Amino acid sequence: MNFNFSAIAPVHADKGIWFLFKGNALLVSKTNSSIPVLNKEQISNSDLQFINYLGTCDSVPCFTASLNSEAISEDYHTQDLLTLYRSQDSLDADIFKIAFKAYEILNWDKTHQYCGQCGSVMNRSSIDFSKICPDCGLQNYPRISPAVITAVIKENKILLARHPRSEIFSVLAGYVEAGETLEDAVRREVMEEVNIEVKNIRYFASEPWVFSHALMVAYTAEYQSGEIKADGEEIEEAAWFSAEEIPQRIPRKVSISRKLIDWFINRNSEISLACSP
Ligand SMILES: [Zn+2]
């Protein structure tokens, strides 16, 4: 599948792939959860708001919009986007990428209708995904909040922690504060949450997490000093775990936190295999 993200809509589009949202729920087919391909007539008969062009998918135009009713067709129903993503047995990864973009663009369009400086109605840019105030010139873009997520390693163990309202053990994460580098945020979050100083911070991977408008930037880091002391607010319990001791309740496969934990398990399994006689 070849997706080209673009803000410049085609002049003529007889049909397109429509990512239609009702709140946080995406319209998909009842049979195989596919995204509807709709023609002009179906669209003009639908109760849509905040229509946005997204680009093309294998040369077919893609759009997103807010759906005010479910009257498109009896063949489709809406499903919560996060639930769909977590079930992972319906849409393929490329379709989710477009659905995430659609969700983010649509939410931005809805929540940035007026200028934050003078209150005028914002104009949509015709060349990119931005809006410009016709009166004061203020420009805004879709909201993306960077957050860091870190696997802290001490010899052959990983630091996992649990939130007070969760039974799941995971790596540490937090939003980047204004004026901070990503590495500063890693050091601060780990120190604040568990009182540990880290070194050798290395980039691992990144992943948009549109449900909280976050861009998750994952790192690995090595333990430098300190004794684990959970802050009691964001973290209730934290400890070092070897690959064999990883708790049963860890994040689901689709999350970047799980990719970090799996990376640690694989790396340590390879080391123990290499060390075994
Ligand atoms: Zn303004």
For this session: Return yes when Val60 is of a type in the set (Val, Ile, Thr), open to solvent by 50 Å² or more (accessible area, probe 1.4 Å) and over 22 Å from Phe211 (Cβ atoms) and no when it is not.
Result: no
Seminar exercise, completed: Here the qualifying pairs (Cβ atoms under 9 Å; residues six or more apart or on different chains; first in the range 178-196 and over 15 Å from Tyr223 (Cβ atoms); second part of a helix (DSSP H, G or I)) come out as Glu180/Arg188
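Can you confirm whether the range 35-50 contains a residue that is in a strand (DSSP E or B), touching a residue at least 12 places away in the same chain (Cβ under 8 Å) and of a type in the set (Lys, Arg)?
Filtering the range 35-50 for residues in a strand (DSSP E or B) gives 37-39, 48-50.
If we keep only those that are touching a residue at least 12 places away in the same chain (Cβ under 8 Å) too, we end up with 37-39, 48-50.
Narrowing the set further to residues that are of a type in the set (Lys, Arg) leaves none.
No.
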Seminar exercise, completed: Val11 fails exactly one of (1) assigned to a loop (DSSP other than H, G, I, E, B); (2) under 19 Å from Asp128 (Cα atoms); (3) within 19 Å of the chain's Cα centre (by Cα), namely (3)
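Within the group Val171, Val254, Val198, which residue is touching a helix residue (DSSP H, G or I) at 6+ places or on another chain (Cβ under 9 Å) and under 30 Å from Leu106 (Cα atoms)?
Details: Val171 fails: under 30 Å from Leu106 (Cα atoms); Val198 fails: under 30 Å from Leu106 (Cα atoms).
Criteria check complete, one pass: Val254.
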Exercise. Has the range 150-157 got any residue that is more than 22 Å from the chain's Cα centre (by Cα), of a type in the set (Asp, Glu) and within 16 Å of the ligand (Cβ to nearest atom)?
Worked result: no
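Given the options Ile158, Ile149, Ile168, Ile153, name the one that is open to solvent by 50 Å² or more (accessible area, probe 1.4 Å), on the phi < 0 side of the Ramachandran plot and assigned by TED's automatic domain parsing to the domain that holds Ile265. It would help to see each step written out before you state the result.
Values: Ile158 fails: open to solvent by 50 Å² or more (accessible area, probe 1.4 Å); Ile149 fails: open to solvent by 50 Å² or more (accessible area, probe 1.4 Å); Ile153 fails: open to solvent by 50 Å² or more (accessible area, probe 1.4 Å).
Of the residues listed, the single one that is open to solvent by 50 Å² or more (accessible area, probe 1.4 Å), on the phi < 0 side of the Ramachandran plot and assigned by TED's automatic domain parsing to the domain that holds Ile265 is Ile168.
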Exercise. Of all residues in the range 99-122, which are surrounded by 14 or more Cβ atoms within 10 Å (Cβ to Cβ) and near the ligand (Cβ under 10 Å from one of its atoms)?
Worked result: Cys115, Met122
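Given the criterion surrounded by 14 or more Cβ atoms within 10 Å (Cβ to Cβ), in a strand (DSSP E or B) and modelled with pLDDT under 95, identify the matching residue among Leu84, Leu54, Leu91. Spell out the reasoning first.
Details: Leu84 fails: in a strand (DSSP E or B); Leu91 fails: in a strand (DSSP E or B).
After ruling out the rest, the residue left standing is Leu54.
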For this session: Check Arg165 against each of (1) more than 16 Å from the ligand (Cβ to nearest atom); (2) within 30 Å of Gln113 (Cα to Cα); (3) not aliphatic (A, V, I, L, M) and name the one condition it does not meet.
Result: (2)
Exercise. With respect to Ser126, is the statement that it is of a type in the set (Ser, Thr, Tyr) and either more than 16 Å from the ligand (Cβ to nearest atom) or under 18 Å from the mean Cα position of the chain (by Cα) (or both) true?
Worked result: yes
Exercise. Mind checking which residues of the range 123-137 are at pLDDT below 95 and open to solvent by 80 Å² or more (accessible area, probe 1.4 Å)?
Worked result: Arg124, Ser126, Ile127
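Restricting to the range 5-21, give me the number of residues that are open to solvent by 80 Å² or more (accessible area, probe 1.4 Å) and not hydrophobic (A, V, I, L, M, F, W, C). Talk me through it step by step, then tell me what you get.
Just the residues of the range 5-21 that are open to solvent by 80 Å² or more (accessible area, probe 1.4 Å), to begin with: 5, 8, 11-12, 14-15.
From the residues that got through so far, the ones that are not hydrophobic (A, V, I, L, M, F, W, C) too are 12, 14-15.
Summing the residues that are open to solvent by 80 Å² or more (accessible area, probe 1.4 Å) and not hydrophobic (A, V, I, L, M, F, W, C) in the range 5-21 gives 3.
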Problem set entry | Cross-chain or 6+ apart pairs with Cβ under 7 Å, the range 132-151 first and in contact (Cβ under 8 Å) with a residue 40 or more places away in the chain and assigned to a strand (DSSP E or B), then within 16 Å of the ligand (Cβ to nearest atom) and not hydrophobic (A, V, I, L, M, F, W, C) | none
Problem set entry | Filter result for Ala214 (within 20 Å of the chain's Cα centre (by Cα) and assigned by TED's automatic domain parsing to the domain that holds Arg267) | yes
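The values are calculated or read from the model by the stated rules, or taken from the named source; none is laboratory data. Source: prediction; values computed, not measured. Positions of Cβ are backbone-derived with ideal geometry, glycine not excepted, and every protein chain shown enters the neighbour counts. For accessibility, only protein heavy atoms count, side chains too; no ligands or nucleic acids. Shrake-Rupley method; radii C 1.70, N 1.55, O 1.52, S 1.80 Å.
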